[in-house]
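*Asks:* Before I ask anything, let me first share the structure, which is written out below as structure tokens.
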Amino acid sequence: GAVVSQHPSWVICKSGTSVKIECRSLDFQATTMFWYRQFPKQSLMLMATSNEGSKATYEQGVEKDKFLINHASLTLSTLTVTSAHPEDSSFYICSAMGLDNSYEQFFGPGTRLTVL
Amino acid sequence: AQSVTQPDIHITVSEGASLELRCNYSYGATPYLFWYVQSPGQGLQLLLKYFSGDTLVQGIKGFEAEFKRSQSSFNLRKPSVHWSDAAEYFCVVVQSGTYKYIFGTGTRLKVLA
């Protein structure tokens, strides 16, 4: 149980285009989802916290107009990287926390974004 | 501010040897602590967690960790490492008053055959 999927697993796009990444909790409902960014050989950096039905809360330094987050249902959150540039290339990871709010987060496998 | 420190960026051990990965945290009260493992192509997997109670915590894959309040540490141990344990290991503390994770810098484990 507690499986989180991400789609796509990798994507290559041209500079200036937008890319949408989906994060789904497959066998549980998640009131809260988190989006992280991970640079090569580095730790995870929290970008934003997403709560179902409300606006996402972004961490300091994260551009909310560039990284649009939508959490429309208890099983789906999306991250859209708008007008992507090469510096947005990274590994994006989502996680979900169940309705019991037990502090345990379940992580998706990540999405590798390469912007040319 | 709360923080998590993993002093060892890389660790190399021989298969069958014992392992200890260090984790130190800064936190005023009793923290919520986790150890996760990240393998290539896979999502982060929870090894074990500590919220309260017995300070020696057993996890999956033969891992255990001991919470030591006096040393602000939560070190991860395994008595005999397998080649499949090669991965990146993260120590995590939950930020006070939130559900946010604060990640350590990670320790990359290499296992020699």
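*Asks:* Give me the log10 of I(q) over I(0) for chain A at q = 0.10, 0.18, 0.19, 0.21 Å⁻¹, as the Debye formula computes it from C-alpha points; what are the numbers?
*Replies:* -0.26, -0.85, -0.94, -1.14
*Asks:* Evaluate E = 1/(1 + (r/R0)^6) for B:THR30 and A:SER15, where r is the Cβ-Cβ distance and R0 equals 45 Å; express this FRET efficiency to the nearest 0.05.
*Replies:* So, using R0 = 45 Å, E works out to roughly 0.40.
*Asks:* Report the calculated FRET efficiency for A:SER83 and B:GLU66 (r = Cβ-Cβ distance, R0 = 35 Å), to the nearest 0.05.
*Replies:* For R0 = 35 Å, the calculated efficiency reads 0.15.
*Asks:* Describe numerically, in nm with one decimal, the distance between label points set 7 Å from Cα along Cα→Cβ at A:GLN29 and at A:LEU116.
*Replies:* A separation of 4.3 nm, rounded to one decimal place.
*Asks:* Take the alpha-carbon centre of the stretch A:87-116, take the same for the stretch A:26-73, and report the distance between them in whole Å.
*Replies:* 8
*Asks:* Among all cysteines in chain A, which have no other cysteine Cβ under 4.7 Å from their own Cβ?
*Replies:* Cys with no partner Cβ under 4.7 Å: A:CYS13.
*Asks:* How far is the Cα center of the stretch B:63-84 from the Cα center of the stretch B:1-55, in Å?
*Replies:* The stretch B:63-84 and the stretch B:1-55 have Cα centres separated by 7 Å.
*Asks:* Could you give me the radius of gyration and the Dmax of chain B, taking only the C-alpha atoms into account and expressing both in angstrom?
*Replies:* Here Rg and the maximum Cα pair distance are 13.5, 44 Å.
*Asks:* In addition: Specify, per residue and in Å³, the volume enclosed by the convex hull of the alpha carbon atoms belonging to the protein assembly as shown.
*Replies:* Taking the convex hull of the Cα positions in the protein assembly as shown, it is 125 Å³ per residue.
Readers should treat all values here as calculations from the given coordinates under stated rules, not as data from a laboratory. Source: prediction; values computed, not measured. With ideal geometry, Cβ positions are generated from the backbone for all residues, glycine too; neighbour counts draw on all protein chains shown.
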